[in-house]
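Presented below is the structure to which this report refers.
Here, each number is a calculation from the coordinates, and none is a lab measurement. Bear in mind that the values here come from a model prediction, so they are computed numbers and not experimental data. Note that we place each Cβ from the backbone using ideal geometry, even for glycine, and neighbour counts take in every protein chain shown.
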Amino acid sequence: MKNFRFALIALALVVAAVMESTWLTLIGLPGAVPPLMLMAVLGLALRRSPANAAVVGFFAGLLMDVIPPSTTPMGVSAGAFAIVAFVVAGLKPYIEGSPALPLAAASGAAVAAIVIRLFIAVTTGVSQNLTDNLFGNLITSAVYAPLLAVAVFPAVQWFDRFVTPRVTTTIVR
Amino acid sequence: MARRRTPSDIDPRFILAGLVVLSFLLSLIDGRSTSALGGLRSASATVLSPMQNLAFSISSPVVSFFGDWSEVGSKDERISALEAQNDALRRQIAGSKDARRRVKELDSLLNTAGLGNFRIVAARVMSIGSASGFGATALIDAGSADGIKVNMTVIAGAGMVGRVLAVTNNSATVLLIVDSTSTVGARVAGSGQVGFLSGTGKPHQLTLEFIDDTTKVAVGDRLVSYGVKDGIFVPGVPLGTVTKVRKAQGTNGQLAYVDPFADITALDLVGVIVNKPRTDPRDSLLPEPKPSPTVTVTVTVAPGDGAFAVKTTATPKTSTTAKATASSTSTGKKK
């Protein structure tokens, strides 16, 4: 049952990656590509322990690093998503009750993810010119993230509740 | 309840630290060599690209589904029937507009391929720019099953798009010419001077540097790809127009900014050149000189001191009009 649940969540993340890499890149919005995958990860992170969220973030980021036509070195988004998911899961007690704070966290996390990604890439000696359109990407990401989160957070959390057996929920609490 | 050691038994900070260290290591290995983790990357591409293909192919039905869906629930039957009809007509117009645009693109692509004697495989762009934010690449829906191999040149009707970076059975990743890591050998049409055209990450600004410091280019000069024997790029493919020239830093040479002919931000239909032509098409593939700025020089003699006032204007005119202007100006001067 646990493996089945794991497979369903993995499948949901793959679907998010496919949607982000095709539809969201082709609609031609200015600046960054709307961070659908990151929002899915954060939606899950708000229902998980920080350690669990970091693991989910790591694999989701890895998926974003390898999905064509990405040329990003493996690990760059993985590390960024792991850190951001860990922090957001840790902030859960402070932002849970409010309707606006999770969205603010989404916006901040999108910006932080870009910065951390840049940091990992630069420190590991990636030769690409990573600062291309950096400012525009930061601003647009900060705007797109909460807009996506409004829909993605409830959807992901509903999905997670749907695939999580009740017994497991009690153990986690 | 007996259970295995779960992440909750370990300090979560250790888990995060472990993952971050792993990320850095992966990036270090994957950023340097292509072989170490290349297998993993191409395996995931093989698994993921069919799904992307599916997502791409259902994207227009999804749009029309939402269009139909919005009509459900309207109470007034007549209004809803008329709205449905209106929407259907509107979709039809949009659809035929889209189809017409695609036909036009294909036409110009085939025209370029025909002129250059290229054999091309046509493909549609499924994804532009990596979702992870850097690297200007595109995913196309043709792969090794269609005869596409790594390093093949990719063109649109207007000109060069890039080269194939990686292939799977039915998709290929294209490194666009605007990517910061892309460099194409370029030749100035007419003068034949050669240089290197590099991407900057900006869609309308590539930079052109010359091997020879004494090379001179001017705004409006057009470039085609320069193919050396066994080089990557097919020679003679139109690249772009020089938009700005300045002195290169640290040398005596020039640095030119180039706007590519192909609109990289709006790619839909592209062609992959699967065979190199036996002869270099030289400048024959360059578009007809239509919107290229023509410089008109008007010379007027100021009465008295005999000094010349020279006015230079750059206007987008056809060359024939420009010639006519020039001749009429010279007759005017003789008077």
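Angle of helix A:36-45 to the longest C-alpha principal axis of chain A, folded into 0 to 90 degrees and rounded to 10: 30°.
Looking at the P(r) of chain A, how many percent of alpha-carbon pairs lie beyond 21 Å? Show your work: numbers first, answer last.
Working: 6568 of 14878 pairs.
That tail contains 44 percent of the Cα-Cα pairs.
Shielding value for A:81-93 is 2, the average number of Cβ atoms from other chains within 10 Å of each residue's Cβ.
For chain A, the longest principal axis of the Cα atoms and the long axis of helix A:50-66 meet at an angle of about 40 degrees. Seen against the Cα atoms of chain A and their longest principal axis, helix A:76-95 is set at about 50 degrees. In a reduced charge model with +1 at each Lys and Arg Cβ and -1 at each Asp and Glu Cβ, segment A:1-126 shows a dipole moment near 320 debye about its Cα centre. Sorting the segments B:104-113, B:163-172 by their residues' average number of neighbouring beta-carbon atoms within 10 angstrom, most packed first, yields B:163-172, B:104-113.
Computed over segment A:31-126, the quotient of the alpha carbon radius of gyration and 2.2 N^0.38 Å is 1.04.
Placing unit charges on each Cβ (+1 for Lys and Arg, -1 for Asp and Glu) gives chain A a dipole about its Cα centre, and among A:Ala85, A:Val18, A:Gly28 the Cα reaching farthest toward its positive end belongs to A:Ala85.
Legend: residue pairs B:Lys149/B:Lys216; B:Lys97/B:Lys244; B:Lys149/B:Lys202; B:Lys216/B:Lys276; B:Lys149/B:Lys244, Cα-Cα distance threshold 32 Å; pairs beyond threshold, B:Lys149/B:Lys216; B:Lys97/B:Lys244; B:Lys149/B:Lys244. Converting the Cα gyration tensor eigenvalues of segment B:197-272 into ellipsoid dimensions via √(5λ) gives semi-axes, longest first, of 23, 16, 10 Å.
In peptide B:41-47, what is the residue-averaged number of other protein chain Cβ atoms found within 10 Å of each Cβ? Provide the component values of the computation, followed by the final result.
Numbers: counts 8, 2, 1, 8, 5, 1, 3.
Going residue by residue through B:41-47 and averaging, the value is 4.
Within 10 Å of each Cβ in peptide A:43-56, how many partner chain Cβ atoms are there on average? Round it to a whole number, please.
Partner-chain Cβ atoms within 10 Å, mean over residues of A:43-56: 3.
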